[in-house]
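A.B. asks: Below is the structure I would like to discuss, written out as structure tokens.
Rule-based calculations on the coordinates, nothing more; no lab input. Since the structure is predicted, the reported quantities are computational estimates derived from the model, not experimental observations. When we count neighbours, we look across all protein chains shown, and the Cβ atoms used for this are built from the backbone with ideal geometry, even at glycine.
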Amino acid sequence: MTTTRLLSDLDLLRSRQFPARSERYGPLGSGPGFHVAALATGEESGEGDGSRREEAEEQYEAERDGLAALLAARWGAPDLMSLWSLLDRGAAGEELPEPWSGLCGHVPDLMLWRVDARWIGLGVARWGEEALFQLLAVVTEVDPP
């Protein structure tokens, strides 16, 4: 997928209205005040010596970084937010708002921009040791906890 296409998909996501209740349509999950979309999804690669997994991870991180460079030209440098502390807080019983609760179990960190009263985030989701990667975009009015 080209960086231009990823940017176009993100711009479409930013223009969408937030629904009144949670809903899911294919690669898009939305709810009150947020959208989380898979801009790109890899294939399962659990076979072999792990080199394919490393290559896939590098590819998705490179796609994220390429898109982030274009966004940085628009909005300035992003903040980098680690989600590990949210994962720990949720595991300790703290109720975290969406989309943050859902993200922290699969996305170790996000590049975040604050644009027009919304947070725009990019991250690489890691769905287990033997599964796929996804390049995720987040658009939300919900402040990070």
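A.B. asks: Under the rule of -39500 (n - 2.57) per DSSP H run of 4 or more residues, summed and divided by the residues of the chain, what mean residue ellipticity at 222 nm is obtained, to the nearest 500 deg cm²/dmol?
C.D. replies: -11000 deg cm²/dmol
A.B. asks: Right, here's the next one. Over the Cα atoms of the stretch 26-126, what Rg and Dmax result, in angstrom?
C.D. replies: 14.8, 46
A.B. asks: Less than 15 Å Cβ to Cβ from Ser8, Lys/Arg counted +1 and Asp/Glu -1: what total charge do the surrounding residues give?
C.D. replies: Spelling it out: positives minus negatives among the neighbours equals +1.
A.B. asks: Applying the Karplus parametrisation 6.51 cos²θ - 1.76 cosθ + 1.60 with θ = phi - 60° to the phi angles of the stretch 7-17, what ³J(HN,Hα) value in whole Hz is obtained for each residue in order, glycine and proline being reported as x?
C.D. replies: 5, 4, 4, 5, 4, 5, 4, 4, 7, 6, 6
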